[in-house]
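Chemist: Quick one: the structure is below, and I'll ask about it shortly.
The values are calculated or read from the model by the stated rules, or taken from the named source; none is laboratory data. What you are looking at is a predicted structure, and each value in this text was computed from that prediction instead of being measured. Positions of Cβ are generated from backbone atoms using ideal geometry, with glycine treated the same way; all protein chains shown enter the neighbour counts. Heavy atoms of the whole protein, side chains included, go into the accessibility calculation; ligands, DNA and RNA do not. Shrake-Rupley method; radii C 1.70, N 1.55, O 1.52, S 1.80 Å.
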Amino acid sequence: MKTRDKIYTLLAESDGIISGEAISGELGISRVSVWKHIRGLVDAGIPVAASARGYELAVDEDHLTPLAFGARKNLIHVHREIPSTMDAAAELARAGCPDFTVVVTERQTRGRGRMARVWASDAGGLYFTIVVRPELPIDRAHLVNLAAAVEINGLLRSSYAVDAWLKWPNDILVDGRKICGCLSQMEIEGGVIGFLCIGIGLNVNNDPSRGEPNAVSLKDILGHSVPRSRILTEFIDRFETRLAAIDSEQLIRDWKANNNTIGRRVSVATTKHTREGTAVDIDEQGGLVLEREDGSRDTVIYGDCFYDTFDR
Ligand code: BTN
């Protein structure tokens with residue numbers, strides 16, 4: 001980690017003002033060097049307030065700092081810039097971090113999406129990975145991904161009155177434009193789920209349409225910015241409640257009630273081939289059931305889903 005990032009982490013994890021002396025002692029650098037790095041943070045847009053007593057992150061409603069997460073603050077690892085929250089979270093998980101540990105960052109330099117795509121991660125978006133250790137058999141791990149997407153969709157609808165819809169497998173669309181994507185990674189230990197890392201990229205106060213014309217942010221939709229820590233807190237609460245008493249039938253019902261894939265003609269591209277048909281259902285494994293013109297059915301378990309037409 002660069003010294004500037006280490007200083008940012010110290011500021012983000014401190015409960016208030018931290019003196020230049022404490023930072024210089026902690027990192028083994030001079031106080032002049034601390035001051036230069038603080039200048040670098042300010043130049044990079046991080047609101048650091050300096051006073052005779054030291055430095056602290058200035059209050060900014062949208063600023064991500066562990067303090068914004070109340071009782072959960074010890075489980076939230078905030079970064080200014082890292083390659084990908086997926087890797088940082090997997091590392092913590094392998095080291096035995098508790099359930100519902102979260103890695104969140106202002107920016108990612110190597111954010112990744114499904115099917116080995118790049119996930120553009122400019123400032124203002126919400127990029128995080130949550131580590132969970134569900135007591136579920138491996139063949140039910142997909143329920144955790146469904147739960148994450150259902151809860152993000154639910155919070156966009158209930159807290160922000162956004163007309164959000166799930167698109168198979170785990171995208172969230174508003175007016176046909178992507179506002180959120182989910183990625184998951186599982187590690188198995190001794191034949192059971194060791195941990196799952198669920199990565200979420202939600203366009204909140206960023207402008208995703210610059211790189212991806214078919215993407216939209218919450219700020220574009222609402223006309224004002226929204227504090228990302230509030231969204232993240234609400235998501236963790238909802239997700240934790242859902243996983244505490246996971247009911248697969250209810251979850252699949254909730255997914256179906258909030259999706260706009262079923263009933264539509266689609267093409268699903270995997271790395272090997274493309275399948276076409278009408279999406280008629282999702283099965284208990286979360287696979288998409290396609291019906292061909294001759295009435296035969298096929299289930300796809302992964303891939304990129306494209307709608308032939310978009311009308312909702
Ligand atoms: C997709 O729709 O392709 C999934 C996108 C997932 C992006 C998130 S951003 C936080 C986490 N870190 C990553 O590198 N990717 C996920």
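Chemist: Could you compute how much accessible surface His224 exposes when probed at 1.4 Å, giving the result in Å² to the nearest 10?
Modeler: 100 Å²
Chemist: Tell me the angle of helix 248-257 to the major Cα principal axis of the chain, expressed in degrees between 0 and 90 and rounded to the nearest ten.
Modeler: Taking Cα atoms only, the helix is inclined about 80 degrees.
Chemist: Quick one: how many Å² of Arg94 are accessible to a 1.4 Å probe, rounded to 10?
Modeler: So the heavy atoms of Arg94 present about 140 Å² to solvent.
Chemist: Residue separation times 0.36 nm, minus the C-alpha to C-alpha distance between Ile246 and Glu291: what's the value?
Modeler: Working: separation 45, 0.36 × 45 = 16.20 nm, distance 2.94 nm.
Fully extending the segment from Ile246 to Glu291 adds 13.3 nm.
Chemist: Gain in length, Asp308 to Thr278, computed as 0.36 nm per residue apart minus the alpha-carbon separation, to one decimal in nm? It would help to have the intermediate numbers written out before the result.
Modeler: Working: separation 30, 0.36 × 30 = 10.80 nm, distance 0.99 nm.
My answer for the length gained is 9.8 nm.
Chemist: What size of dipole, in debye to the nearest 20, comes out for region 265-306 about its Cα centre when the only charges are +1 on Lys and Arg C-beta atoms and -1 on Asp and Glu C-beta atoms? Mind showing how you got there, number by number?
Modeler: Details: 5 positive and 9 negative charges, 36 e Å.
With Lys and Arg at +1 and Asp and Glu at -1, about 180 debye.
Chemist: OK, next. Which peptide among 27-34, 290-297, 82-89 comes first, and what is the full order, when sorted by highest mean count of other Cβ atoms within 10 Å?
Modeler: Working: 27-34: 14.2, 290-297: 11.1, 82-89: 21.6.
Peptide ranking by packing, descending: 82-89, 27-34, 290-297.
Chemist: How large is the charge dipole for the chain, taken about the Cα centre, if only the Cβ atoms of Lys, Arg (+1) and Asp, Glu (-1) carry charge, to the nearest 20 debye? Numbers along the way, then the final one.
Modeler: Working: 37 positive and 44 negative charges, 164 e Å.
Rounded to the nearest 20 debye, it is 780 debye.
Chemist: If you plug each phi of region 173-180 into the Karplus form 6.51 cos²θ - 1.76 cosθ + 1.60 with θ = phi - 60°, what whole-Hz ³J(HN,Hα) values come out, in order, with x for Gly and Pro?
Modeler: Per residue, the Karplus-derived 3J(HN,Hα) values read 10, 10, 6, x, 10, 7, 10, 8 Hz.
Chemist: Cα convex hull of region 66-257: mean projected area in nm², to one decimal?
Modeler: Working: hull surface 41.5 nm².
Result: a mean projected hull area of 10.4 nm².
Chemist: Let me ask another. At 0.36 nm per residue, minus the direct Cα-Cα distance, what do Ser267 and Ser19 gain on full extension? Give it in nm, one decimal, please.
Modeler: On the way: separation 248, 0.36 × 248 = 89.28 nm, distance 5.79 nm.
Value of the extension gain: 83.5 nm.
Chemist: Taking every eigenvalue of the Cα gyration tensor of region 265-306, multiplying by 5 and rooting it, what semi-axes result, largest first, whole Å? Mind dumping the intermediate values first?
Modeler: On the way: eigenvalues 41, 34, 13 Å².
After scaling each eigenvalue by five and taking roots: 14, 13, 8 Å.
Chemist: Along the charge dipole of the chain, Cβ charges K/R +1 and D/E -1, which of Leu75, Tyr55, Leu156 sits furthest on the positive end?
Modeler: Tyr55
Chemist: Sticking with this one: What is the Cα centroid distance between region 288-310 and region 91-152, reported in whole angstrom?
Modeler: Here the two parts' Cα centres lie 27 Å apart.
Chemist: Tell me the angle of helix 3-13 to the major Cα principal axis of the chain, expressed in degrees between 0 and 90 and rounded to the nearest ten.
Modeler: Roughly 80 degrees between the two axes.
Chemist: Work out the length of the dipole vector of region 197-253 about its Cα centre, built from +1 on the beta-carbon of each Lys and Arg and -1 on the beta-carbon of each Asp and Glu, and round it to the nearest 20 debye.
Modeler: Values: 7 positive and 8 negative charges, 29 e Å.
With only Lys, Arg, Asp and Glu charged at Cβ, the dipole is about 140 debye.
Chemist: How big is the Kirkwood radius of region 3-57, worked out from every pair of different alpha carbons and given in Å to one decimal? Write down the numbers at each step before the final one.
Modeler: Details: mean 1/r = 0.0930 Å⁻¹.
Over region 3-57, the inverse of the mean reciprocal pair distance is 10.8 Å.
Chemist: Separation between the Ile138 and Asn214 pseudo-spin-labels, each 7 Å from Cα along Cα→Cβ, expressed in nm?
Modeler: Spacing of the two 7 Å Cα→Cβ label points: 3.4 nm.
Chemist: Next up: For the pair Arg94 and Thr299, what calculated FRET efficiency results from E = 1/(1 + (r/R0)^6), where r is the Cβ-Cβ distance and R0 = 25 Å, to the nearest 0.05? Could you put the intermediate results ahead of the total?
Modeler: Details: r = 33 Å, r/R0 = 1.31.
The pair Thr299/Arg94 has a calculated efficiency of 0.15.
Chemist: Which value at 222 nm does the chain reach when only helices count, each DSSP H run of 4 or more adding -39,500 (n - 2.57), with the total divided by all residues and rounded to the nearest 500 deg cm²/dmol? It would help to have the intermediate numbers written out before the result.
Modeler: On the way: 8 runs with 93 residues, N = 312.
Roughly -9000 deg cm²/dmol at 222 nm, from the helical runs in the chain.
Chemist: What do you get for the angle between helix 228-244 and the principal long axis of the chain? Use alpha-carbon atoms, 0 to 90 degrees, nearest ten.
Modeler: 50 degrees
Chemist: Once Lys and Arg get +1 and Asp and Glu get -1 on their Cβ, which of Ala120, Thr261, Leu92 lies farthest toward the positive end of the dipole of the chain?
Modeler: The listed residue farthest towards the positive side: Ala120.
Chemist: Now for a separate question. Given Cα pairs under 8 Å that are at least 6 residues apart, what percent is the relative contact order of region 81-208?
Modeler: Values: 244 pairs, mean separation 35.2, N = 128.
It rounds to 27 percent for region 81-208.
Chemist: In addition: Any lysines with Cα under 16 Å of the Lys6 Cα? List them, leaving off those in the same chain fewer than 8 positions away.
Modeler: Here the lysines satisfying the reach criterion relative to Lys6 are Lys36.
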